[in-house]
Amino acid sequence: MKRIVLSLLVLLLAASPALASKWAIDPDHSNAQFKVKHMMIATVRGDFPEVKGTVLLDEADPSKSVVDVSIATAGLDTGVEKRDQHLKSPDFFEVEKFPAMTFKSTSVKKNGDGKLAVTGDLTIRGITKSVVLDVEGPSRQIVDPWGNTRIAATGETLVDRKDFGLTWNKNLDGGGIVIGDEVKIAIEVELIKQP
């Protein structure tokens, strides 16, 4: 009887779909960036170097995958201290009150060869909107010199900053505005497989 039960258990395990693997974002090799028009003629770029989170990856069925990312706002760096301080103020990210932006996936779909469309809730300044990240990856798995299994992925989306309460602006004398409304957000992550 024990052999029959054991045989049935082995068959059930063999027939069940593979479980999703858990991956942690490596904060030392990941970051988020933004691009926005300045005075209608140039592009300002900024970095958020502090990115953390997890991905539950189901390679057999990507629709069962789950993405959860947190980006620290206080680390914002555009290369200009005065601009950084303004962006961290209540006019923009209000980092004292809102120390992180988050993205939590609600669906994942294949979007071509080696690409995914990851829909999720993006929260900035306590305001949550659904956005779609166009993701390239995940990459093939590699093993680093310390025995960790790693993958990488990049994602991009376009948002209207006013949707998240980032409404500060000034009109230009000749027409136009100081800061564009459309912001391109990109995230690059390296992930380490968890036991």
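Some observations on this one:
- Enumeration of residues in segment 147-170 that are of a type in the set (A, V, I, L, M, F, W, C), modelled with pLDDT of 95 or more and more than 16 Å from Phe34 (Cα to Cα): Ile151, Ala152, Ala153
- Qualifying residue in segment 115-133 (condition: part of a loop (DSSP other than H, G, I, E, B), within 19 Å of Leu56 (Cα to Cα), modelled with pLDDT of 95 or more and within 20 Å of the chain's Cα centre (by Cα)): no
- So Thr157, is it closer than 23 Å to Thr78 by Cα, loosely packed, with under 15 Cβ neighbours inside 10 Å, free of Cβ contacts under 8 Å to residues at least 40 places away in the same chain and not charged (D, E, K, R): no
- Checking the stated criteria, Thr128 turns out to be in contact with an Asp or Glu (Cβ under 6 Å, 6 or more places away or on another chain), under 23 Å from Gly165 (Cβ atoms) and not hydrophobic (A, V, I, L, M, F, W, C).
- Residue that is nearest to Leu158 (Cα to Cα) [pool: residues in segment 45-66 that are free of Cβ contacts under 8 Å to residues at least 60 places away in the same chain, among the aliphatic types (A, V, I, L, M) and not in a loop (DSSP other than H, G, I, E, B)]: Val66
- Candidates Ile187, Ile192 - the one that is surrounded by 15 or more Cβ atoms within 10 Å (Cβ to Cβ) and either without any contact (Cβ under 8 Å) to a residue 24 or more places away in the chain or over 13 Å from the mean Cα position of the chain (by Cα) (or both): Ile192
The values are calculated or read from the model by the stated rules, or taken from the named source; none is laboratory data. A quick note: this is a predicted structure, and the numbers were derived from the prediction, not measured. A quick note on method: Cβ atoms are made from the backbone with ideal geometry, for glycine too, and the neighbour counts reach across all protein chains shown.
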